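Each value in this text was obtained by applying a stated rule to the coordinates, not by laboratory testing. Quick caveat: nothing in here was measured; it's all calculated off a predicted structure. All Cβ positions, glycine included, derive from the backbone under ideal geometry; neighbour counts span all protein chains shown.
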Amino acid sequence: MNIKFFDAEVQMKKNPNQLTFWEHLEEFRGTLIRSLAAVVVCMIVAFCFKNFLFDSIILAPKESDFVTYRALCRLATSLNLPQLCPDDFSLSLININLSGQFIMHFTVAFWVGLIAAMPFVLYQLWKFVAPAFYADESKSIVKIFIFGSLLFIIGVCVSYFIVFPLTIRFLGSYEVSTAVANQITLQSYISTFCVLTLCMGIMFETPMVIALLSKLGLITKAILRKYRRWSIIIIMILAAIITPTSDPFTMMVVCLPLFLLYEIGIWICKN
């Protein structure tokens, strides 16, 4: 009995930070509370800045003075290609539910608060699980997290400044007959905004996924190069889904970054 007690005391000295199950549970509860508090605070801030959130960010691409349209007009002037400059455009939105605008305001504030607080939430989760990893594993995970976050932000920016404006301009002005007027609901506009932004953000994670699969030994550079032609076809199909327009310029704007991401994935692939 004395030997067992001595061994247990030695183990406790070797692992002074070792916690019991209930202590781990208490630590996890604190992580959840801090994360939830950060989301609520960011949500309240987003809710208070309603005019800036909707007028200056979310609803800005529906007007012809949006930065993307003005940049296209300057490009059209410099290249002497007037067809690149979009015509005057303004998309009118309607609300058909009594509480629709308030619910949409609350919903958008929640998602903005969640996205804004996500770095803090991930940091809290990382602090909770970090003791279970070795030092070299922790460094690799931190690098992957930073790389993946940067790619996601780039994808969101590409969607907001390029894909979404060109898509809504085509769909918002498209008509099968002059006898049918477009009446776009606020819910439809924002759901399209969220879906496109999320899809582009996820698709821009391609190099990170390739890097992880390469590290696990599931893919190699030879495999990626072998199926490069198939990847081009898949990218074009995805671009057609994301941008349901007949404009080849818009599809090319989406295809080029995705193909570039695939090539970057080949470059960072280890084997």
Exercise. In whole Å and largest first, what semi-axes does the C-alpha gyration tensor of region 134-271 yield when each eigenvalue is scaled by 5 and square-rooted?
Worked result: 35, 18, 9
Exercise. According to a simple spin-label model (label point 7 Å from Cα along Cα-to-Cβ), what is the distance in nm between L218 and I184?
Worked result: 3.8
For this session: Classify region 74-191 as rounded, prolate or oblate, taking a ≥ b ≥ c as the square roots of the eigenvalues of its Cα gyration tensor: rounded when a/c is under 1.5, otherwise prolate if a/b is larger than b/c and oblate if not.
Result: oblate
Problem set entry | Cysteines in the chain lacking a second Cys C-beta under 4.7 Å | C42, C48, C157, C194, C199, C255, C269
Seminar exercise, completed: Per its Cα gyration tensor (rounded if a/c is under 1.5, else prolate when a/b beats b/c, else oblate), the chain is best filed as oblate
For this session: Pairs of Cα atoms under 8 Å, at least six residues apart: use those to get the relative contact order of region 50-153, whole percent.
Result: 16
Problem set entry | Chain lengthening between L98 and K50 when straightened (0.36 nm per residue, less Cα-Cα) | 15.4 nm
For this session: Could you list which residues have their amide H under 5 Å from that of F49, counting only those 5 or more apart in sequence or on another chain, with H placed in the peptide plane?
Result: none
For this session: Send over the semi-axes of region 65-138's equivalent ellipsoid, whole angstrom and largest first, taken as the square roots of 5 times the C-alpha gyration tensor eigenvalues.
Result: 43, 27, 7
For this session: In whole Hz, with x marking every Gly and Pro, tabulate ³J(HN,Hα) for region 52-59 from phi via Karplus 6.51 cos²θ - 1.76 cosθ + 1.60, θ = phi - 60°.
Result: 5, 5, 8, 5, 8, 10, 5, 8
Problem set entry | Axial C-alpha extent at least 24 Å, average Kyte-Doolittle at least -1.0 - helices from the chain (DSSP) | 21-48, 100-129, 135-158, 186-203, 248-268
Exercise. If contacts are Cα pairs under 8 angstrom and at least 6 residues apart, what is the relative contact order of the chain in percent?
Worked result: 20
Exercise. Do you know the Lys pair count in the chain for C-alpha distances under 17 Å, with sequence separation 8 or more or different chains?
Worked result: 10
Problem set entry | For T185, residues with placed amide H under 5 Å, excluding near neighbours | I94
